[in-house]
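Student: Supplied in structure tokens, the structure appears directly below.
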Amino acid sequence: MLKNILSAEWLKLKHSKIVPITFAAFALGPVMGAIAMYLLGHATNNSPMLQKAQAMNMSADWSSMLNLIAQVAGIGGVIVFGFVASWIFGREHADNTTKDWLAIPAGRSAVVNAKFIVYACWCILLLLSNIVLATVFGLLLGLEHFSAQAIGQSMLHYSVTSVLVILLGFPVGFMALAGKGYLSPLGFVILMIVTAQIIGAIGYGKYFPWAVPGLYSQAANSPMSPNAWSYLIVLCCGLVGFAATHLHINRADQS
Amino acid sequence: MNIIETNGLCKRYGSFTAVNNLHLQVAEGSIYGFLGLNGAGKTTTMRMLLNMIKPNSGSVSLFGQTKQDHAVWKKVGYAIESAYAYPNLSVHENLEISYQYHQMKNRSAIDEIIGELDLGAYVNTRAGALSLGNKQRLSLAKAMLHKPALLILDEPVNGLDPAGIVDIRNYLKKLSQNGTTILISSHLLGEISKIADTIGIIHHGKMVCELDAQKLDDSLEKHLVLCCSPLDGARQLLENKGIREVEIIDKQIIIRDKLWLQQPEKLAKLLVENSFELSQLYTYVQDLEHYFLQLVNNN
């Protein structure tokens, strides 16, 4: 049953311009990272860039490159994945096609589940594409200090960041269905990013879900770093978004 | 057996009552025309039938089941409100999505419905580039793809040209003859009366009346209209001959006597033989739309 619905959801992506646009937008991270690595590799001893990079504990090597794309995932991912979730769940209302799947044998929950699966797969593909790009750029730039242990640690860091950001897209899906279109979820994402900045600035970022991936991806062992509660809050946020989406589509009037 | 049955269906939005105590019964294999002005409550009722919105009170039964499970939706096809489709996908791809939604196994069904609804020339055309009429055909194709036993269609001929309307009408008649139950809404009584077996008229959320389509003709007002001179003399003659319900309105003689409605030629002969100058004689039959509006206004 879910297989059929998933086929339908994948088909909806066909010919869509949004798919390449999200890949292009997300690819800006590794491109900027490659430029930064190149400039770091060619910086003179007293250049301001080198001083700033040293302050950030960065150098022109594999570890820095991968940490940089983790930060892109942690911060840029909130925007790009939020956009992806808004499109997957909100376009149906914009195209007036939601009613197509409100009275079907598979049930509405199957369609919502399929949408979340497509959302997660799309995000994972975006994340993988950045790894591929970062690897290609790293090889082209001849980055130093390639060690399996360091790469493994960076990949773990990247993966955890990715999971945290993907979870934050679930409430966006709910906003798109409840708000009947793209505007509400996009507004919600922007509001959450702004709020995350404010809450982060006053030192409570680790308790605000939309600030947690950014803080984690920076991985500074400061008092600002996320703790177990932070991850639990993000997980709960994702679960609440998932449950709210199902409740809304099954219980609320779909007029 | 009634395929659709509602009991005291009500839907309120704040102080506004969209549907008020609606009792609807649609028999198996019949075409039920659901008629009403815009905002009368037709679409709200159809959405309640499809469980898209919840009634405040009352119940809906489809195929004898008040709680619709997945097996019921397998037997239902619908097209609600305006024509809709995924604009970036082709006609075939849009139908492919409906195919997957209904977990169908027979891929040739897509080509069959494309042929039946005359969409062959647009198979690879993006739905967003279709004309309104062809979008409407695509919506119908999606609703009918899985050959449902019950079709719920909300104003399905909107946007179609006259040839398209005739095609769809004939197609729906054919489906009905093959046992499909159809609930079709419209604000056009003339169109509905051509295909429906029963017509329900809804106004301000209430069922105003339910008519057997065959008896609809009897419900329409009919009278003879006569133009002749001298007018008063002709009226006197007709009344002397025992013709009832004769009156003069706007320099015309109106005769409502049912006996004479059947024999206008005898009336003409009578007047000519008595040297009246007869310039016009015709039977007026009330326009269906006029009848509909009159019913609605009376309520």
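Student: Compute the FRET efficiency between residue A:194 and residue A:52 as 1/(1 + (r/R0)^6), taking r as their Cβ-Cβ distance and R0 = 30 Å, and round to the nearest 0.05.
Tutor: Working: r = 25 Å, r/R0 = 0.85.
For R0 = 30 Å, the calculated efficiency reads 0.75.
Student: Residue A:153 versus residue B:2, label points 7 Å from Cα toward the beta carbon: distance in nm?
Tutor: Label-label distance for residue A:153 and residue B:2, simple model: 7.4 nm.
Student: OK, next. Dipole of region B:1-120, Cα-centred, from +1 at each Lys and Arg C-beta and -1 at each Asp and Glu C-beta, to the nearest 20 debye?
Tutor: Details: 10 positive and 10 negative charges, 135 e Å.
For this selection, approximately 640 debye.
Student: Label points 7 Å out from Cα along the Cβ direction at residue A:117 and residue B:54: separation in nm?
Tutor: 2.8
Student: Could you tell me the center-to-center distance, by alpha carbons, between region A:28-74 and region B:19-49 in angstrom?
Tutor: So the separation of the two Cα centres works out to 66 Å.
Student: Here's something else I'd like to know. Most fluctuating residue of B:94, B:21, B:124 in a GNM of chain B with Cα springs under 10 Å: which is it?
Tutor: B:124
Student: Considering only B:129, B:143, B:27, give the residue with the highest GNM mean-square fluctuation for chain B, with springs between Cα atoms whenever their separation is below 10 Å.
Tutor: B:129
Student: Could you tell me the relative contact order of region B:53-124? Use alpha-carbon pairs under 8 Å, at least six residues apart, and round to a whole percent.
Tutor: On the way: 24 pairs, mean separation 16.8, N = 72.
Here the relative contact order equals 23 percent.
Student: Work out how much length residue B:107 to residue B:81 would gain on full extension: take 0.36 nm times their residue separation and subtract the Cα-Cα distance, in nm to one decimal.
Tutor: Details: separation 26, 0.36 × 26 = 9.36 nm, distance 2.73 nm.
Full extension from residue B:107 to residue B:81 adds 6.6 nm.
Student: Please find, in a Gaussian network model of chain A (springs between Cα atoms separated by less than 10 Å), the residue of A:177, A:143, A:50 whose mean-square fluctuation is greatest.
Tutor: Evaluated over chain A, the most mobile residue of the options is A:50.
Student: Now, a different point. Placing +1 at every Lys and Arg Cβ and -1 at every Asp and Glu Cβ, with all other atoms neutral, what dipole size does the protein assembly as shown have around its Cα centre, in debye to the nearest 20? Let's see the in-between values first.
Tutor: Values: 42 positive and 39 negative charges, 284 e Å.
About 1360 debye.
Student: Additional query: In nanometres, what is the gap between the two model label sites at residue A:7 and residue A:243, each 7 Å from Cα along Cα-to-Cβ?
Tutor: Output for this residue pair reads 3.4 nm.
Student: Dipole of region B:211-299, Cα-centred, from +1 at each Lys and Arg C-beta and -1 at each Asp and Glu C-beta, to the nearest 20 debye?
Tutor: Working: 10 positive and 15 negative charges, 55 e Å.
It works out to roughly 260 debye.
Student: Of A:146, B:25, B:138, which is farthest along the charge dipole of the protein assembly as shown in the positive direction, counting Lys and Arg as +1 and Asp and Glu as -1 at C-beta?
Tutor: A:146
Student: On to the next question. At 0.36 nm per residue, and after removing the present C-alpha to C-alpha distance, how many nm does the segment from residue B:266 to residue B:92 gain when stretched out fully?
Tutor: Answer, rounded to one decimal: 56.5 nm.
Student: Okay, moving on. Pairs of Cα atoms under 8 Å, at least six residues apart: use those to get the relative contact order of region B:207-284, whole percent. All intermediate terms of the calculation are to be shown ahead of the outcome.
Tutor: Details: 96 pairs, mean separation 31.0, N = 78.
Reported relative contact order: 40 percent.
Student: Once you keep just the Cα pairs under 8 angstrom separated by 6 or more residues, what percentage relative contact order results for chain A?
Tutor: Working: 320 pairs, mean separation 67.5, N = 255.
Answer for chain A is 26 percent.
Student: Between residue B:67 and residue B:222, what length in nm is gained on full extension when 0.36 nm per residue of separation is reduced by their alpha carbon distance? Don't skip to the end; give the middle numbers.
Tutor: Details: separation 155, 0.36 × 155 = 55.80 nm, distance 4.64 nm.
Extending this stretch completely gives an extra 51.2 nm.
Student: Work out the FRET efficiency for residue B:209 and residue B:15 from their Cβ-Cβ distance, taking R0 = 30 Å, and round it to the nearest 0.05. Let's see the in-between values first.
Tutor: Values: r = 26 Å, r/R0 = 0.87.
After rounding to 0.05, the efficiency reads 0.70.
Where a number appears in this text, it was derived from the coordinates with a stated rule and is not lab data. Remember, it's a predicted structure, so these values are computed and weren't measured experimentally. Because the Cβ atoms are built from the backbone with ideal geometry, glycine has one as well, and the counts that use them run over all protein chains shown.
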